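Bear in mind these aren't lab numbers, they're just calculated from the coordinates by the rules spelled out. What you see is a predicted model; the values in this text were computed from it and never measured. Positions of Cβ are backbone-derived with ideal geometry, glycine not excepted, and every protein chain shown enters the neighbour counts.
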Amino acid sequence: MSNAEFDVIVVGGSYAGLSAATQLGRARRRVLVIDAGQRRNRYAQHSHGFLGQDGREGAAIAAEGRTQLMKYPTVRWREGAATQAVPHDGGFRVTLADGSAHHAQRLVLATGMADELPSIPGLAERWGGSVFHCPYCHGYELDQGRIGVLATSALSFHHAMMLPDWGTVTFFLNGVFEPDAEQLAKLEARGVTIERAAVRAVSGKAAVLLEDERVIELDGLFVLSRLHSASALVEVLGCEMEDGPMGRYVRTDMMKATSIPGVYAAGDAARMAGSVAFAVADGAMAGAASHQSLIFGLPA
């Protein structure tokens with residue numbers, strides 16, 4: 001019988017973490033959620049594409065999820081950043097920034113990702129408001145208006161090809177990417193306008209100022225950010241990583257188990273691209289899998 005304080009510690013109290021903890025709480029397991037309060041979509045006012053919650057404020061979805069979760073008597077919640085996690089007594093000891101530590105048999109990482117944007121004046125200030133990364137999350141609300149795509153890599157070609165379904169598209173190459181002849185033909189067939197002048201700044205709602213002093217007014221601008229883990233725990237624990245087109249994320253199997261026995265990962269931290277719906281699904285799987293491992297043991 002383990003002497004661990006908790007059966008499972010869930011690091012991250014956003015959608016994936018809430019979902020994982022809910023499965024565990026419903027299994028009447030002792031769960032601690034440690035949350036630093038940094039939801040990735042905190043910059044966007046509304047969340048879209050999540051069944052039953054379409055158009056609702058992301059903060060409200062998370063708040064209701066927490067309220068429902070905390071009705072389960074075996075669940076505890078700690079505000080703060082988890083800074084260290086080490087194997088301990090057959091499980092894991094997790095230390096917070098304030099020096100407090102907690103011990104659990106299993107660990108679920110739902111720590112999310114941080115977005116790194118190109119260093120163009122005015123871009124970061126509009127992130128989540130009129131500058132976006134996901135067409136499925138934000139494209140419909142632009143009402144078939146004027147849409148820009150700012151190239152950050154060759155992958156931006158796919159962005160530019162997709163977005164004409166949501167509006168009239170201008171593709172700002174910005175010296176980062178040059179489509180080949182076949183790609184140019186495909187973009188032309190989709191009605192995409194190519195703009196090769198360098199981008200100097202973004203102002204107003206989503207107006208793009210070019211180096212030749214022209215200003216192109218837009219209703220929304222899409223850009224693929226570079227992704228970084230929002231927590232150092234994945235590196236501290238030594239979890240194997242995958243190299244995705246936008247950054248590195250935690251490698252997991254179908255049950256959301258990482259390369260470290262007893263450690264699971266869910267949500268944006270453990271997939272190439274994310275959304276609220278994906279995060280909730282991942283969290284449910286990680287919660288159920290970590291629970292079952294307490295009963296049947298870890299794979300040899």
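Values computed for the structure shown
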item: Single condition residue 243 does not satisfy, out of (1) within 24 Å of residue 162 (Cα to Cα); (2) in a loop (DSSP other than H, G, I, E, B); (3) without any contact (Cβ under 8 Å) to a residue 40 or more places away in the chain; result: (2)
item: Residue check for residue 193: without any contact (Cβ under 8 Å) to a residue 40 or more places away in the chain and either hydroxyl-bearing (Ser, Thr, Tyr) or touching an Asp or Glu at 6+ places or on another chain (Cβ under 6 Å) (or both); result: yes
item: Criterion (in contact with a helix residue (DSSP H, G or I) (Cβ under 6 Å, 6 or more places away or on another chain), free of Cβ contacts under 8 Å to residues at least 60 places away in the same chain and closer than 18 Å to residue 11 by Cβ) met by exactly one of 80, 65; result: 65
item: Evaluation of residue 175 against (1) more than 19 Å from residue 208 (Cα to Cα); (2) surrounded by fewer than 18 Cβ atoms within 10 Å (Cβ to Cβ); (3) among the small types (Gly, Ala, Ser) (one fails), failing number; result: (1)
item: Qualifying positions in the range 1-55 - farther than 24 Å from residue 117 by Cα, under 20 Å from the mean Cα position of the chain (by Cα) and among the polar types (S, T, N, Q); result: 19, 22, 53
item: Only one of 283, 274 that is in contact (Cβ under 8 Å) with a residue 40 or more places away in the chain and in contact with an Asp or Glu (Cβ under 6 Å, 6 or more places away or on another chain); result: 274
item: Any strands (runs of 3 or more DSSP E) falling wholly within the range 41-158 and containing at least 3 residues that are more than 22 Å from residue 272 (Cα to Cα); result: 75-79, 82-88, 91-96, 101-109, 146-150
item: Residue that is surrounded by the most Cβ atoms within 10 Å (Cβ to Cβ) [pool: residues in the range 9-38 that are assigned to a loop (DSSP other than H, G, I, E, B) and at negative phi]; result: 14
item: Residues that are aliphatic (A, V, I, L, M) and surrounded by 15 or more Cβ atoms within 10 Å (Cβ to Cβ), drawn from the range 139-172; result: 142, 147, 149, 150, 151, 160, 161, 162, 163, 169
